[in-house]
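Step one of this worksheet: look at the structure below.
Where a number appears in this text, it was derived from the coordinates with a stated rule and is not lab data. The model shown is predicted, which means the values in this text are computed figures rather than measured ones. Positions of Cβ are backbone-derived with ideal geometry, glycine not excepted, and every protein chain shown enters the neighbour counts.
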Amino acid sequence: MRVDRLVLEDFRNYEREEIDLSGGLNLVVGRNAQGKTNLLEAVYCIGGFGSPRGPDATLVREGAERALVHADVTRGERTVHVDLEYRPGRGMRALLNGTAVPGVRALRELTAAVFFGPDELSLIKGSPDGRRRFLDELVVKLRPARDTIKREWDRVLKQRNALLRSAPRGGGPGRSARETLVVWDEAFCKTGAELAAARLEVLAALTPYAAKRYEEVAGGGRLELSYQASWMDGSTGADVESLREALAAALDEVRTRELERGVSLIGPQRDDVAVNLSSAGYQQSLLDARAYASQGDQRTCALALKLGEHDLLTDALGDHPILLLDDVFSELDPARRAWLADAIRGIGQSLVSSAEPGAIESAGAARIIRIEAGRAAAGEPGDG
Amino acid sequence: MAMLYAGPIQDLIDELARMPGIGPKSAQRVAFYLLQASTEDAKRLAHAIVEAKDKVRFCERCFNVSDQDLCEYCRSTRRDPTIICVVQDPPDIVAIERTREYQGLYHVLQGALSPIEGIGPEDLRVAELLKRLRTPEDGSPAVAEVIVATNPNIDGDATAMYLARLISPLGVLVTRLASGMPVGGDLEYADEVTLGRAIEGRRRLEG
């Protein structure tokens, strides 16, 4: 799948700009703060997951009412014209071939993109929240119709927390709160188990792809991913029914404390993904990458997760998702730069940004896009 | 929202904006429509609101809207009093009646459980429903089945589950409207939750 032509209107620092993209490697070059990342971000938005960088409200150019992204998207034999509109407070509206589509599922079914930028280091180093979001998004990228699982879970969690909060503290809950808590517990376990099962399935699918990429880029070593949940143990099955039972049993143990604290204390909202690795040469022991890996290793690890995501999506969707690498090369040592430049050749459309064009010359770009102050100029490799 | 118009106009806009489904912009549009309408038209609307408010009340038994003490279904001698269909709001009754498939009575909860909005069982007509089940009206037979027709979403499901736990011990059969594939729909476009429910609630085909 690929984006052939992109028109940005009042999008971040772009007033109005038309950009033609190659189906292969597009090198996006320019000085800092000219709009390179914004261009990659716009392509990611076409996938229907909002901005990879934060609240969608910031997508609108200062002083403008709305931001527009128009794109010709090709998947297989089919080319679809996509119009996106972000209006602060109104959310996003999408048209496919001029016809309004409800929600964002149609966008997610049309394209998939993988974004990797400097902030992605937080995927390893940051809070569990980021790793959960990574998994939950991947669930939906693989199976767009699964977006209801997370939505239902979010609603149940909110309702149950509201109930726990409203239950009188100390001397035991009021009768009606206790009576209704039972039904919210049941909903909590059912939807929570569905969400956890979806995550486990995706993590199991992702792990071999990410591990392979880690070995390649690190030149050895081993990467392992495992789901961490206080309410599961080694014997818990990965099917929805086993997970529901495990969640229900764990809930029984913490319910009194939950009523005291007024919040759900266990469940998928607190789970995490453990990223363990051993560097080349230290084959024997796996260490928690969050705590023990060097900054460089953490970056390699995050890159392996994202490239693994790209590989998994390629196999699952039968087509390369669009790869967006934002300012990644400058952070890597020469050996890893060379490896990455090689790895992104021939894996479909990619947009790779860099402030120092020299860093990726060897990648063999099909097109070079120079960005200056929200204006783009395309050129062939070798120009200027 | 900032005050933009002179007193009475702004008052009207504010009142309209408090209605469900009407935001500030729609409220403004309706307000100016009313101001430009003839005095008779405006008075007729005001009169209709006051009349409805004066004359329409809730049925003493099932809490449907009614212009008498009992609603038309509770008054009717042709309805089956051994079945009660529990719905969230009066418009749900209209939807079910349109099918002409149902001949029993109703009970309107006037909402669904929602801790976020602070709605608990005591805010719904649950106690009144239990009373109907425990002590049938003079001369009417005991209720044999309660059909829970709350909305098929998280809140409606939780409400259904809650009712089932209360009602089953009374020896009354509790059923839930089936959830699943829309008739005339396309399997491949169904979301997984709907499809999952449809598989859960599948029925034997008699060949």
> Loop-only check: which trypsin sites (Lys or Arg not before Pro) in region A:220-275 are DSSP coil with at most 12 other Cβ within 10 angstrom?
Replying inline: none
> Taking +1 at the Cβ of each Lys and Arg and -1 at the Cβ of each Asp and Glu, which of B:Pro115, B:Leu34, B:Pro152 sits farthest along the dipole of chain B towards its positive end, judged by Cα position relative to the Cα centre?
Replying inline: B:Pro152
> Straight-line reach from B:Lys55: which lysines have Cα under 23 Å away, leaving out those fewer than 8 places along the same chain?
Replying inline: B:Lys43
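Just the number: Rg to Rh for region A:206-289, Cα atoms, Kirkwood Rh, two decimals.
1.14
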> Taking H as built 1.01 Å from N, whose amide H comes closer than 5 Å to the amide H of A:Val273, not counting residues under 5 places away?
Replying inline: A:Gln228
>> From the C-alpha coordinates alone, can you work out the Kirkwood hydrodynamic radius of region A:118-319, in Å?
In response: 18.2
> Along the charge dipole of chain B, which of B:Gln68, B:Pro8, B:Val50 sits closest to the positive end, that is, farthest toward it, with unit charges on the beta carbon of Lys, Arg, Asp and Glu (+1, +1, -1, -1)?
Replying inline: B:Gln68
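Using only alpha carbon pairs under 8 Å that are at least six residues apart, calculate the relative contact order of chain B and give it in whole percent.
Once divided by the residue count of chain B, the mean separation gives 13 percent.
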> In percent, what relative contact order does region B:84-205 have, based on Cα pairs under 8 Å that are 6 or more apart in sequence?
Replying inline: 22
> What lysines sit close enough to A:Lys150 to cross-link, taking a C-alpha to C-alpha distance under 23 Å and skipping anything fewer than 8 places away on the same chain?
Replying inline: A:Lys141, A:Lys158, A:Lys190, A:Lys306
> Between the DSSP loop rule and a limit of at most 13 other Cβ atoms within 10 Å, which GluC sites (Glu not before Pro) in region B:1-107 are left?
Replying inline: B:Glu60, B:Glu101
> So, by mean Cβ neighbours within 10 angstrom, what's the order for B:165-176, B:180-191 with the highest one leading?
Replying inline: B:165-176, B:180-191
> Most fluctuating residue of A:Leu40, A:Leu251, A:Leu59 in a GNM of chain A with Cα springs under 10 Å: which is it?
Replying inline: A:Leu251
> Order of A:86-94, A:225-233 by packing, highest average Cβ count within 10 Å first?
Replying inline: A:225-233, A:86-94
> Charges only on Cβ, +1 for Lys and Arg, -1 for Asp and Glu: so what's the dipole of region B:73-204 about the Cα centre, in debye to the nearest 20?
Replying inline: 640
> What angle, in degrees between 0 and 90 and rounded to the nearest 10, separates the Cα long axis of helix B:39-55 from the longest principal axis of the Cα atoms of chain B?
Replying inline: 40
> Given +1 on the Cβ of Lys and Arg, -1 on the Cβ of Asp and Glu, and no further charges, what dipole in debye does the protein assembly as shown carry about its Cα centre, rounded to the nearest 20?
Replying inline: 820
> Tell me, Kirkwood radius of chain B from alpha-carbon pair distances, in Å?
Replying inline: 20.4
>> So if I place +1 on the C-beta of Lys and Arg and -1 on the C-beta of Asp and Glu, and nothing else carries charge, what would the dipole magnitude of region B:7-55 be about its Cα centre? I want it in debye, nearest 20.
In response: 140
>> Rg over Rh of the protein assembly as shown, using C-alpha atoms and the Kirkwood radius, what does it come to?
In response: 1.04
> Which residue, chosen from A:Gly220, A:Leu135, A:Ala100, occupies the Cα position most advanced towards the positive end of the dipole of region A:86-227, where the dipole is computed from +1 (Lys, Arg) and -1 (Asp, Glu) charges on Cβ about the Cα centre?
Replying inline: A:Ala100
> Over what distance in Å are the Cα centres of region B:181-203 and region B:1-47 separated?
Replying inline: 43
> When the chain is fully extended, how far beyond the present Cα-Cα distance does B:Val65 get from B:His47, taking 0.36 nm per residue of separation?
Replying inline: 4.6 nm
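Under the definition of Cα pairs under 8 Å and six or more residues apart, what whole-number percent is the relative contact order of chain A?
Dividing the mean separation by the residue count of chain A yields 25 percent.
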